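Undergrad: Supplied in structure tokens, the structure appears directly below.
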């Protein structure tokens, strides 16, 4: 079923088709229990979060009018950063997943919501809801997996280009909202095409992104600094908006990294999803995601994506219910002997970055490198980087053999 079947220790080898079907039925029952009990406390929760975020944004921008004074600058910047994180994570991401459509409130609905982000909501819903959640961690199908610029699995052929992936990943973290917009447009595929041959669909989507970015830039870097100009706070306000946007980007990127990239999270081959049943889809979501432990405030700041496993199994359930169902989902993992990947934020983020660095190098490179053979390894890496495919394959095979 999956690419992980190539590993010596296959975590699903012990499961029978009947086991997989039973997993699907148990998860269906958990999902239905939430649907049957959705109600006032859930709708009150999302309305309260939206109200809090709006007051926080308005208050922070009001404080930034006096941002010429350092305490006002710090307070306004921190408040605005938290406001933008809440808008993207707990509010925008989850509303656009349709988690609150059952309320039938046209103001809080996946078809009408727009967020504070460079990507228009309709494009994000297509690339994220329809593609990422359908093809979670499937190599060559899930564009979220490495955002098309990183090597994310040992089965991907190594190329010298991947040596730079720690740099690309760090840069992507800083400008994450624009990176998401770029990969939603599939710029890597569309830009090489001559302008007159590009599809109308791409041109329309690109125009939508340009309009959205223009609006975001005007709001954060023109209008609000101008409003602070009479109070002498134009430049500090501009800086505060830039810091808030970068802070939101770094946080969002880190949370997503923790949810899909730590060691222990599986990736899958295209062939593995041919004829996939709903129960097998559930199993892929379970194995392709990871959680982060933390308190209630932390969970809210992550958009409850700290329960990434539960989110991928039940993407349309209200986010405030993930904490409630997580023990039940974990019990299913334990019952069927499956790895429930979870840990504190620093551990998961460190594990994800370690994987990014490890996979930027040929398979087995780090595992087989010691202080004694380091000069030899550097020389081999240079040959692999400057030689052709045959050289890379030959030296790569030597390194893998030594690592084994």
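The values are calculated or read from the model by the stated rules, or taken from the named source; none is laboratory data. A quick note: this is a predicted structure, and the numbers were derived from the prediction, not measured. Every residue, glycine as well, gets a Cβ built from its backbone with ideal geometry; the counts of neighbours run over all protein chains shown.
Undergrad: So which residues in the stretch 53-75 are within 18 Å of residue 88 (Cα to Cα) and in contact (Cβ under 8 Å) with a residue 60 or more places away in the chain, if there are any at all?
TA: Within the stretch 53-75, just 61 meets the criteria.
Undergrad: What is the one condition in (1) crowded, with 16+ Cβ neighbours inside 10 Å; (2) within 30 Å of residue 340 (Cα to Cα) that residue 68 does not satisfy?
TA: With (1) crowded, with 16+ Cβ neighbours inside 10 Å; (2) within 30 Å of residue 340 (Cα to Cα) applied to residue 68, the lone miss is (2).
Undergrad: Just checking, how many residues over the stretch 245-280 are assigned to a helix (DSSP H, G or I), surrounded by 15 or more Cβ atoms within 10 Å (Cβ to Cβ) and over 19 Å from the mean Cα position of the chain (by Cα)?
TA: Selection size over the stretch 245-280: 4.
Undergrad: Hey, among 376, 355, which residue is surrounded by fewer than 17 Cβ atoms within 10 Å (Cβ to Cβ), assigned to a helix (DSSP H, G or I) and not assigned by TED's automatic domain parsing to the domain that holds residue 257?
TA: One residue alone meets the criteria, 376.
Undergrad: Could I ask something else about it? For residue 27, indicate whether it is without any contact (Cβ under 8 Å) to a residue 40 or more places away in the chain, surrounded by 13 or more Cβ atoms within 10 Å (Cβ to Cβ) and on the phi < 0 side of the Ramachandran plot.
TA: Working: without any contact (Cβ under 8 Å) to a residue 40 or more places away in the chain: no; surrounded by 13 or more Cβ atoms within 10 Å (Cβ to Cβ): yes; on the phi < 0 side of the Ramachandran plot: yes.
For residue 27, the condition - without any contact (Cβ under 8 Å) to a residue 40 or more places away in the chain, surrounded by 13 or more Cβ atoms within 10 Å (Cβ to Cβ) and on the phi < 0 side of the Ramachandran plot - is not met.
Undergrad: Any residue that is surrounded by 14 or more Cβ atoms within 10 Å (Cβ to Cβ), out of contact with any strand residue (DSSP E or B) (no Cβ under 9 Å at 6 or more places or on another chain), at pLDDT below 95 and not in a helix (DSSP H, G or I) - is there at least one of those in the stretch 317-338?
TA: Scanning the stretch 317-338 turns up no residue that is surrounded by 14 or more Cβ atoms within 10 Å (Cβ to Cβ), out of contact with any strand residue (DSSP E or B) (no Cβ under 9 Å at 6 or more places or on another chain), at pLDDT below 95 and not in a helix (DSSP H, G or I).
Undergrad: Same structure, new question: What do you reckon, is residue 303 closer than 14 Å to residue 258 by Cα, surrounded by 16 or more Cβ atoms within 10 Å (Cβ to Cβ) and in the same structural domain as residue 130 (by TED's automatic domain parsing)? Give the steps one after another, and end with the answer.
TA: Values: closer than 14 Å to residue 258 by Cα: yes; surrounded by 16 or more Cβ atoms within 10 Å (Cβ to Cβ): yes; in the same structural domain as residue 130 (by TED's automatic domain parsing): yes.
Yes; evaluated as a whole, the condition is true for this residue.
Undergrad: Could you check how many residues of the stretch 245-262 are in contact with a helix residue (DSSP H, G or I) (Cβ under 6 Å, 6 or more places away or on another chain) and under 19 Å from residue 311 (Cα atoms)?
TA: Counting residues in the stretch 245-262 that are in contact with a helix residue (DSSP H, G or I) (Cβ under 6 Å, 6 or more places away or on another chain) and under 19 Å from residue 311 (Cα atoms) gives 10.
Okay, residues lined up against (1) assigned to a helix (DSSP H, G or I); (2) within 30 Å of residue 274 (Cα to Cα); (3) not assigned by TED's automatic domain parsing to the domain that holds residue 130:
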position	(1), (2), (3)
12	no, yes, no
23	yes, yes, no
43	yes, no, no
60	yes, no, no
71	yes, no, no
76	yes, no, no
79	yes, no, no
98	no, yes, no
